[in-house]
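Student: Right, I'll just put the structure down here and ask away after.
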Amino acid sequence: MSEDGEIGPLVLAFLALSLVSVGGGIAVLPEMHRLVVEQHGWMDSLAFAKRFALAQAAPGPNIMVVGLIGWHVAGATGMFAAMLAMCGPTSLLAYAVARLRQRDLPWLRLVERGLVPIAVGLIAASGLLLAKGTVEEATLALPLAAACTVFVWRSSRSPLWVLVAGALYGALLL
Amino acid sequence: MTPSRTQLFLAYLRIGLTGFGGVNAWARQLLVEKKGWLTDQQYAEALGVGQVLPGPNALNCAINIGTRFHGAAGAALAGIGLFAGPMAVLLGVAALYDRYGQIPLVRAVLTGIAAAAAGMVLGTAIKMAIKLRPTPMLTATGLLALVLALLRVPLPLVLLGLAPLGIWAARRAAR
């Protein structure tokens, strides 16, 4: 682990990343990889991939991977600094837009309706990219991912069952 | 139906803590299916705005929904609720992972959870697509977004290219 001298670059890196992070945590993964691994050399590719899997397995938004990278670079301080840099400024923007939405402007409603299918398409793409990553790690993950897709699609039971099943399946077969 | 401030905070605390594999699937399940505070369309719109703005989309979406019910206080409560639990868990997880991350059983379980989470994300997308009952043009916009994202076209480009198409399709659908 590095010392406190890395906090400045860490904050700057995630501030910059947050401003281009349209589409959410999974969508900016390639750009995050470029910053963390190639530009700053904070960790290698494998370590990066494992931290992403860990953030996936832990509860919370996908963006928690940023906290894990911060932890790796500068401990608990790094974790909070990186998360604040990633979430702070964009939160203010999101709030400003949320206020605008409350005025019920017709053009804004239209823009939103047009963006909905794009959002859904991007979510589907994230699911497929994540599934691809796990299948590369273990081929037997494919039937699991497919079964979980159908379960969540067809039933309204809590998705927690899906993850419990995934953990058991992993322990027994992967 | 409008939740109280406490209900809103507790709901997001729960979404954060149960939100394995990304919180959007869980947020939709709780806010739309269980509590009935939002319709599918309203949730999808809040999420769409959250995705188009820069920043973590789950947080943007939470701020949007929080503001809708309780203004600035609602935004803060939803956002803090969303992150409070996961940050506490993450501190523990990071420390444990440094020590035990290399054990084969831990790796296998993590891979299993990751695969299940991927299915969850995909299943939620299918569910949303069906419930929204989009027109053919809106469906095409969504499929194009899917394909371009899979081809790893940079996201700002995907949005610049498809947003006009989506808005045009939405205008036609509104007539």
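Student: Since residue B:94 meets every condition but one in (1) hydrophobic (A, V, I, L, M, F, W, C); (2) in contact (Cβ under 8 Å) with a residue 40 or more places away in the chain; (3) assigned by TED's automatic domain parsing to the domain that holds residue B:12, which condition does it not meet?
Tutor: In the conditions (1) hydrophobic (A, V, I, L, M, F, W, C); (2) in contact (Cβ under 8 Å) with a residue 40 or more places away in the chain; (3) assigned by TED's automatic domain parsing to the domain that holds residue B:12, residue B:94 misses (2) alone.
Student: Suppose we filter segment A:135-160 for residues that are modelled with pLDDT of 85 or more, assigned to a helix (DSSP H, G or I) and not aliphatic (A, V, I, L, M); how many remain?
Tutor: 6
Student: Here's something else I'd like to know. Return the residues of segment B:1-24 that are of a type outside the set (Lys, Arg), touching a residue at least 60 places away in the same chain (Cβ under 8 Å) and assigned to a helix (DSSP H, G or I); say none if nothing qualifies. Give the steps one after another, and end with the answer.
Tutor: Going residue by residue through segment B:1-24, those that are of a type outside the set (Lys, Arg) are B:1-4, B:6-13, B:15-24.
Add one more test, that the residue is touching a residue at least 60 places away in the same chain (Cβ under 8 Å), and what stays is B:2-3, B:8-13, B:15-17, B:19-22, B:24.
Listed by number, the residues that qualify are B:8, B:9, B:10, B:11, B:12, B:13, B:15, B:16, B:17, B:24.
Student: A further question follows. Can you find even one residue in segment B:51-71 that is facing chain A (nearest Cβ under 9 Å) and over 18 Å from the mean Cα position of the chain (by Cα)? Spell out how you get there, then give the answer.
Tutor: Pass one, segment B:51-71, residues facing chain A (nearest Cβ under 9 Å): B:51-68, B:71.
Those left that are additionally over 18 Å from the mean Cα position of the chain (by Cα): B:71.
Yes, segment B:51-71 contains at least one residue that is facing chain A (nearest Cβ under 9 Å) and over 18 Å from the mean Cα position of the chain (by Cα).
Student: Being in contact (Cβ under 8 Å) with a residue 12 or more places away in the chain, surrounded by 14 or more Cβ atoms within 10 Å (Cβ to Cβ) and under 21 Å from the mean Cα position of the chain (by Cα) narrows it down to one of B:125, B:117, B:173, so name that one. Step through it out loud before you land on a result.
Tutor: Numbers: B:125 fails: in contact (Cβ under 8 Å) with a residue 12 or more places away in the chain; B:173 fails: under 21 Å from the mean Cα position of the chain (by Cα).
Within the list B:125, B:117, B:173, the selection yields B:117.
Student: Quick one: which of A:98, A:165, A:147 is over 18 Å from residue B:118 (Cβ atoms) and touching a helix residue (DSSP H, G or I) at 6+ places or on another chain (Cβ under 8 Å)? Full working, then the answer.
Tutor: Working: A:165 fails: over 18 Å from residue B:118 (Cβ atoms); A:147 fails: over 18 Å from residue B:118 (Cβ atoms).
Residue meeting the stated conditions: A:98.
Student: While we're looking at this one, here's another question. Of A:110, A:142, which residue is of a type in the set (A, V, I, L, M) and more than 7 Å from every other protein chain (Cβ to nearest Cβ)? Walk me through how you get there before you give the answer.
Tutor: On the way: A:110 fails: more than 7 Å from every other protein chain (Cβ to nearest Cβ).
The match here is A:142.
Student: Here are some residues: B:105, B:110. Which one is free of Cβ contacts under 8 Å to residues at least 12 places away in the same chain, surrounded by 24 or more Cβ atoms within 10 Å (Cβ to Cβ), within 7 Å of another protein chain (Cβ to nearest Cβ) and under 30 Å from residue A:170 (Cα atoms)? It would help to see each step written out before you state the result.
Tutor: On the way: B:105 fails: surrounded by 24 or more Cβ atoms within 10 Å (Cβ to Cβ).
Going through B:105, B:110 in turn, just one is free of Cβ contacts under 8 Å to residues at least 12 places away in the same chain, surrounded by 24 or more Cβ atoms within 10 Å (Cβ to Cβ), within 7 Å of another protein chain (Cβ to nearest Cβ) and under 30 Å from residue A:170 (Cα atoms): B:110.
Student: Is segment A:42-55 home to any residue that is modelled with pLDDT of 85 or more and of a type outside the set (Asp, Glu)?
Tutor: yes
Student: Consider residue B:153 against the criteria (1) of a type in the set (A, V, I, L, M, F, W, C); (2) more than 7 Å from every other protein chain (Cβ to nearest Cβ); (3) within 21 Å of residue A:32 (Cα to Cα); (4) not in a loop (DSSP other than H, G, I, E, B): it satisfies all of them except one. Which criterion is unmet?
Tutor: Against the list (1) of a type in the set (A, V, I, L, M, F, W, C); (2) more than 7 Å from every other protein chain (Cβ to nearest Cβ); (3) within 21 Å of residue A:32 (Cα to Cα); (4) not in a loop (DSSP other than H, G, I, E, B), residue B:153 comes up short only on (4).
Student: Okay, moving on. Among the residues of segment B:146-162, what is the count of those that are under 15 Å from residue B:48 (Cα atoms) and modelled with pLDDT of 90 or more? Quick ask: steps written out before the conclusion?
Tutor: Pass one, segment B:146-162, residues under 15 Å from residue B:48 (Cα atoms): B:146, B:155-156, B:158-160, B:162.
Adding the requirement that they be modelled with pLDDT of 90 or more leaves B:146, B:162.
Going through segment B:146-162 one residue at a time, the tally reaches 2.
Student: Would you check which residues across segment B:25-44 are closer than 18 Å to residue B:70 by Cβ and assigned to a loop (DSSP other than H, G, I, E, B) and list them?
Tutor: Initial filter on segment B:25-44 (closer than 18 Å to residue B:70 by Cβ): B:27, B:30-31, B:35-38, B:42-43.
Hits for segment B:25-44 are B:35, B:36, B:37, B:38.
The values are calculated or read from the model by the stated rules, or taken from the named source; none is laboratory data. Since this is a predicted model, take the numbers as computed values, not measurements. Don't worry about glycine lacking a Cβ; one is built from the backbone with ideal geometry, like all the others, and counts go over all protein chains shown.
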